[in-house]
C-alpha cells in the first residue's frame, strides 16, 4: 500500500539525485523484511538495460520471463488483464526511486504495469519493477509517498492508451463506462481499501450491480465484489492530475 500525493515541487536534478544515492548507499530500508541497500538496488537497475518505450520488445530489455507469484488473469471490460501484486517476491524489495520498496509504496507502478502489460503498445509484458523505473526516470516518484497523481495519465498515454478524467463520479456513470469497454483507475482515500491513498483498478460491471476491482495491495480484496457507490464515496478528496478517477481505453489492440 502507498500514500499517493499530488505534485508539490519539481524533482531534484540528476546530479542531486546521484549525490543522494551515493550518500545513502549503505543505509538499509527499514520496512523490508530483508533490507536491500540503495547500492544493491542501483546495481539491480543497471542490469535492466533501458526504459520501456512504445513497441519495445520485452525480451530485448527485460528478458523473456513473465513469471510472478500469482500468474492470474482477471476478466475486465477491456479483455483479460494480468494481475500484479506489489508484495510479489519478484519485486517487493525493489527500491522505488532508489529509496522506497514497491511493497510499501509501489501501488502506482503496479497498477500501471497491469494495464500497460495487458493493453498498452508493448510487445510482451512489463512488470511493476520496470514501471517504477519509468516513473523515477520521468520524475513521477514522490519520496516516502509513492507516486504523483499525474503519473497515471502520463504513463498510460505514453503507451498509446486513451486516458480521460472522469468528472461525473456516480454508479450510473461507472456502469456506462465499464459497459462501453473502459476500465477505471481510482485513487482511493481512507476507507475499506486504504488508510491514506491508494490506486486500484475498477475492472468490470457485474450482473448484480456490483463492480470488480484489481487491488495491487490485496488479491483477497480483488476477489470480492464491490458496491460502486461505496467506492465513489471513498475516493481521495485531495487529488491532482485529473484524478481521482480516470477512464482508460485502447484505440486498437496492437495486433494481439
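Looking at the range 196-210 only, could you name the residues that are surrounded by fewer than 24 Cβ atoms within 10 Å (Cβ to Cβ) and either at positive phi or without any contact (Cβ under 8 Å) to a residue 60 or more places away in the chain (or both)?
Residues satisfying the conditions are 206, 207, 208, 209, 210.
If we keep just the residues of the range 99-125 that are out of contact with any strand residue (DSSP E or B) (no Cβ under 9 Å at 6 or more places or on another chain) and over 18 Å from residue 198 (Cβ atoms), which is surrounded by the fewest Cβ atoms within 10 Å (Cβ to Cβ)?
Across the range 99-125, the extreme among qualifying residues is 121.
Having 3 or more residues that are farther than 18 Å from residue 85 by Cα is the bar; report the strands (runs of 3 or more DSSP E) wholly within the range 152-256 that clear it. Working first, answer last.
Working: elements: 162-165, 183-188, 198-205, 211-214, 245-249.
Passing ranges, in order: 162-165, 245-249.
Every number in this text was worked out from the coordinates using simple rules, so none of it is lab data. Note that this is a predicted model, so its numbers are computed, not measured. Reconstructed Cβ throughout: ideal geometry from the backbone, glycine too, with neighbour counts over all protein chains shown.
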